[in-house]
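The values are calculated or read from the model by the stated rules, or taken from the named source; none is laboratory data. Note that the coordinates shown come from a computational prediction; the quantities given were computed from them, not determined experimentally. Don't worry about glycine lacking a Cβ; one is built from the backbone with ideal geometry, like all the others, and counts go over all protein chains shown. These accessible areas exclude ligands, DNA and RNA; they are computed on the full protein's heavy atoms, side chains included. Shrake-Rupley method; radii C 1.70, N 1.55, O 1.52, S 1.80 Å.
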Amino acid sequence: MSLANFSLSQLEQSQDFIRRHIGPGESEIASMLAAIGATSLDDLVQQTVPENIRSKSALKVGEAQTEVQALSYLKSVAKKNKLNKSYIGMGYYDTLTPNVILRNVLENPGWYTAYTPYQPEIAQGRLEALLNFQQVTIDLTGMELASASLLDEATAAAEAMGLAKRMSKNSKANAFFIADDVHPQTLDVVTTRADMFGFDIIVGKAQDAASHNIFGALLQYPGTSGVITDLTDIIAAIQANKGIVAVAADLLSLMLLKSPGEMGADVVLGSAQRFGVPMGYGGPHAAFFATRDDYKRSLPGRIIGVSKDTRGRPALRMALQTREQHIRREKANSNICTAQVLLANMASFYAVYHGPQGLKTIASRVHRFADILAAGLQKAGFELVNNTWFDTLSIKVGKNKAGIVEQALAAGINLRSDVEGVLGLSLDETTTRADLQTLFSVFTGANVELDINAFDSAIVKNGSQSIPAALVRESKVLTHPVFNSYQSETEMLRYIKSLEDKDLALNHSMISLGSCTMKLNATAEMIPVTWPEFGKLHPFAPIEQAQGYKQMMDELSEWLIDITGYDALSMQPNSGAQGEYAGLITIQKYHQSRDQGHRNVCLIPSSAHGTNPATAQMVSYKVVVVNCDKNGNIDVADLRKKAAEVADNLACAMITYPSTHGVYEETIKEICDIVHEFGGQVYIDGANMNAQVGLTSPGLIGGDVSHLNLHKTFCIPHGGGGPGMGPIGVKSHLAPFLPNHKVIGVENVGDGSVRTNGAVSAAPWGSASILPISYMYIKMMGSEGLKKATAVAILNANYVAKQLSAHYPVLYRGRNERVAHECIIDLRPLKESSGVSEMDVAKRLNDYGFHAPTMSFPVAGTLMIEPTESESKAELDRFIEAMLSIHAEIVKVESGEWDAIDNPLHNAPHTLADICDSNWTRSYDRQLAAYPVAAVARNKFWPSVNRIDDVWGDRNLNCACPSIDTYREE
Ligand SMILES: *Cc1c(COP(=O)(O)O)cnc(C)c1O
């Protein structure tokens, strides 16, 4: 072949990203199309997607760019962010991410591409890291029980209010008290939540809380001004009136301070950001939440608990799941699904890395520096608002405020300036002597030297009074060996690796979790996340310093508006469930604006995800369930009947499209029309956007508002259970009701009007620092690539459905017998005839090196498989081979050839301990147990524990690190 055979443009195209993102190459696509009986991707789309919802116009997100082009462009945008040193505080502090954690956790697909640990036998690594997070929380807060983890401090506070309402014995009270020294964004978010629940908020001095008739109270420790108050008597007084007391606390300060638990608090919560997680212009970070053992059933979010496996060895899994939305739906404690696992893990590793001594040293240095600066400023004639502090000083500056702020900005420094006549500053782990000097000069306005050594000597000699003597921590923390064993980098590196090796993530094999869209999280998409230009910004930095962020988010918003067919978008919600909540608020406020505030019924099909009803409950809507017919479609007659029954009270319907049954319902437009006819709004749950992008859109279908799961469709990795981003798109009539933010006003996209609404997240743009991932994805795929990805997602699902259907019935199909981007296979007939359960199949898949598909959602006894476009035909074939091989095994149980108990399905997953057991007594051989097909041997994944006993774990709930003896016993 001649060297000149290719055209130059063909040669240039060889750098394209599209074929890296989409698993199957052209010849694989052709052979899969042939296998399912379609002539082309277009033909398949025609066969699958109803005609009346197909987009007539192409996407307008531009041409695909190569990795090099997209990265270099985004870098030029990122450079428009100005990296001032921020001393703004208010719950966000600069921190030093230990490099061993940065590279081996945050930048490591072994950690960031895993899913929520629903299959605990192949997730013991992140479960252990999360258990450590709970132990850190328990130790530092002084509480009995902790969860892991929540979305941010402000939403954790809102969850605490919910817990207080559930647990308070003052059941008639309808008011929640918030101390006036709580961070303003927390007040904002809790007020929004209270408004939706119909609670009253009383803001006042903490000392006055007990004089009100309240079901609970929120205090802050240290207060937002920096002050440290002994809360013991305040808490006791509120509790004497049957109120529940939540304390928002700062994790690092608790290394030095008496814990809120020791002061009697019922709930302690806060952000774990400053434990090594970059500020990232607002997130993502993990919030911690701790409470009394008595309240464990009321705890929001996931709890990791210790149980045991079939060998009797300790093993971890998510505990008390029956509290959660996926089981309890509108009766759940909260709607939390995706939370912040990756960031909770980073924070827990930070504690493991530094250990109690290291953390105490860090906290003490921050505190000493604050003492020195305070002494210098006072000597220079400044008065402080607070006479106690850990790291935060509020300085009275009177009329000099503007001048000092100007000097600070000139020196590249951001101070807190939201209180009249006062400037605030919070020091952190990164503060140096030189920084103290600069800060001092900014305030004094002259080149006066801050005599650090002299002030320091005085403090050493006279002692520090800035923490009241009664509030100095006496109790020991982090005594567990896990926090005292890995202080050398070698040990730390190996600890991280040893945990990573226990977890199955996307860097091992396909994770075909239906509804979760576990697609490629490309390295080029991840790289910008850890650029300092995105990582180092404080969320409340002046907007002029965040122009790079603004441009990136504006461009991304514009693309997402085009993709969804909506008119405006809010980036604030930091998970899908949070997006649902923000979306229902827009609906509620819209109705109110038209004197229709009485509308309070939300129609939800029986197939809905648990977050939908759980969210409806958060805006005080009544859930009415709409039936599905035998084909899995929403029963339109039932919908019409129920809409008519509630008539004037219909607020909205929440519909997932394509449905969680994995089909494009033909009647979707009619469904939307019916809801509109009765004056309701249509919320389309966008979790399944991966089946829509470029082919149709929620706006086109008839939706009024939707959330997107950027961590599903748009490539943000799941992080082992978070982070995520759940921006919402709305039609123009809902735009005025999108969330705003009290600290940083959010400009309205679209109509330019100022929003009066409260916030739903602590940060104005949610977890802004992971938005570059979705940005890069769209930029590198372009209009054509995105559309092709959707078509291949449909192809892959139909291919899997086709290859499995001879042995596993596919439960629901749409037009032309096609499934959408996922399919449900029904295991109930096999269970009936063989006794082998969906659980057995899920665990046996682990032996074959696969994560199980989504189990028993939305239909009990089934598996929902979503391969995504990123999986190649080779990987799909490997999965199909495993499923067919498992079917053959089930047949052996069914026929009696294998014993009902003594068989590899019942005993799955198999561990090395099983295979090496010198006392192997099973009727099948070890080879079959561990290497059931040849492909497994080439890339064996060993589950680290045997099947885990959930019931035992819930009966013997332990959510702290088990003593080492537990492990020695075996
Ligand atoms: C994932 C999912 C959600 C919830 O999204 P999170 O980001 O996990 O909060 C809601 N609905 C459906 C159908 C989903 O698949």
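For this structure, a couple of remarks:
- In the range 41-89, residue farthest from residue 522 (Cα to Cα) [restricted to those that are without any contact (Cβ under 8 Å) to a residue 40 or more places away in the chain and in a loop (DSSP other than H, G, I, E, B)]: 56
- Output for the range 645-655, where each listed residue is modelled with pLDDT of 95 or more and more than 16 Å from the ligand (Cβ to nearest atom): 645, 646, 648, 649, 650, 651
- Residue, most open to solvent (accessible area, probe 1.4 Å), within the range 690-713, restricted to residues that are within 10 Å of the ligand (Cβ to nearest atom) and in contact with a His (Cβ under 9 Å, 6 or more places away or on another chain): 712
- Filter pass, residue 522 being more than 28 Å from residue 78 (Cβ to Cβ) and not β-branched (Val, Ile, Thr): no
- Residue in the range 653-667 that is over 28 Å from the mean Cα position of the chain (by Cα), open to solvent by 10 Å² or more (accessible area, probe 1.4 Å) and not aliphatic (A, V, I, L, M) present: yes
- Condition met for residue 534 (open to solvent by 10 Å² or more (accessible area, probe 1.4 Å), away from the ligand (no atom under 16 Å from the Cβ) and of a type outside the set (D, E, K, R)): no
- The requirement of being surrounded by fewer than 24 Cβ atoms within 10 Å (Cβ to Cβ) and within 14 Å of the ligand (Cβ to nearest atom) is not satisfied by residue 767.
- Residue list for the range 567-618, filter: outside any helix (DSSP H, G or I), closer than 30 Å to residue 552 by Cβ, open to solvent by 10 Å² or more (accessible area, probe 1.4 Å) and away from the ligand (no atom under 16 Å from the Cβ): 567
- Scanning the range 259-273 for residues that are open to solvent by 10 Å² or more (accessible area, probe 1.4 Å), in contact with a Ser or Thr (Cβ under 8 Å, 6 or more places away or on another chain) and in contact (Cβ under 8 Å) with a residue 40 or more places away in the chain gives 261, 262.
- Condition check for residue 206: modelled with pLDDT of 95 or more and closer than 19 Å to residue 293 by Cα: no
- Conditions (1) free of Cβ contacts under 8 Å to residues at least 60 places away in the same chain; (2) in a loop (DSSP other than H, G, I, E, B): number failed by residue 491: (2)
- Boolean, residue 682 is more than 26 Å from residue 282 (Cβ to Cβ), touching a Cys at 6+ places or on another chain (Cβ under 6 Å) and β-branched (Val, Ile, Thr): yes
- Residues in the range 878-913 that are without any contact (Cβ under 8 Å) to a residue 60 or more places away in the chain and acidic (Asp, Glu): 881, 889, 897, 899, 902.
- Exactly one residue among 311, 317, 368 is in a loop (DSSP other than H, G, I, E, B) and more than 30 Å from residue 620 (Cα to Cα), and that residue is 311.
- The single residue among 344, 402 that is assigned to a helix (DSSP H, G or I) and either modelled with pLDDT under 95 or open to solvent by 20 Å² or more (accessible area, probe 1.4 Å) (or both) turns out to be 402.
- Matching option when the condition is assigned to a loop (DSSP other than H, G, I, E, B), open to solvent by less than 30 Å² (accessible area, probe 1.4 Å) and among the hydrophobic types (A, V, I, L, M, F, W, C), among 136, 190, 182: 182
- Within the range 746-764, considering residues that are open to solvent by 10 Å² or more (accessible area, probe 1.4 Å) and among the aliphatic types (A, V, I, L, M), the one modelled with the lowest pLDDT: 749
- Of the residues in the range 623-633, at least one is open to solvent by 40 Å² or more (accessible area, probe 1.4 Å), of a type in the set (A, V, I, L, M, F, W, C), within 16 Å of the ligand (Cβ to nearest atom) and more than 18 Å from residue 198 (Cβ to Cβ).
- Whichever residue in the range 656-689 is in contact with a Pro (Cβ under 6 Å, 6 or more places away or on another chain) and assigned to a loop (DSSP other than H, G, I, E, B) and, among such residues, is farthest from the ligand (Cβ to nearest atom): 666
- Taken as a whole, the condition of being assigned by TED's automatic domain parsing to the domain that holds residue 267, buried (at least 24 other Cβ atoms within 10 Å of the Cβ) and either under 21 Å from residue 115 (Cβ atoms) or modelled with pLDDT under 95 (or both) applies to residue 304.
- Of the residues in the range 327-337, at least one is open to solvent by 20 Å² or more (accessible area, probe 1.4 Å), closer than 23 Å to residue 150 by Cα and away from the ligand (no atom under 16 Å from the Cβ).
- Residue identified as touching a His at 6+ places or on another chain (Cβ under 9 Å) and either among the acidic types (Asp, Glu) or open to solvent by 10 Å² or more (accessible area, probe 1.4 Å) (or both) among 159, 128, 153: 153
- So residue 275, is it of a type in the set (Phe, Trp, Tyr), in a strand (DSSP E or B) and in contact with a Leu (Cβ under 7 Å, 6 or more places away or on another chain): no
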